[in-house]
Amino acid sequence: MKRMDTLDSLLFQLEQYGEEHDRNKKTREEKLRNISREMGQ
């Protein structure tokens, strides 16, 4: 079960990074192609 906790943690961190990154960008070209945890599973 530890492996899933690690994976969930990584997915959460990536999701947070994408949201933070995009918050400061104005155009679509500058934004990341974010996939939510629900969508990626």
Just for segment 21-41: of the residues that are in a helix (DSSP H, G or I) and surrounded by fewer than 10 Cβ atoms within 10 Å (Cβ to Cβ), which one is modelled with the lowest pLDDT?
M39
Taking only pairs six or more apart or across chains, which ones have beta-carbon atoms under 8 Å, a first residue in segment 1-29 that is touching a residue at least 24 places away in the same chain (Cβ under 8 Å), and a second residue that is surrounded by fewer than 11 Cβ atoms within 10 Å (Cβ to Cβ) and not aromatic (F, W, Y)?
L11/G40
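The values are calculated or read from the model by the stated rules, or taken from the named source; none is laboratory data. Treat the numbers as computed from the prediction; the structure is a model and nothing was measured. So basically every Cβ, Gly included, is an ideal-geometry build from the backbone, and we count neighbours across all protein chains shown.
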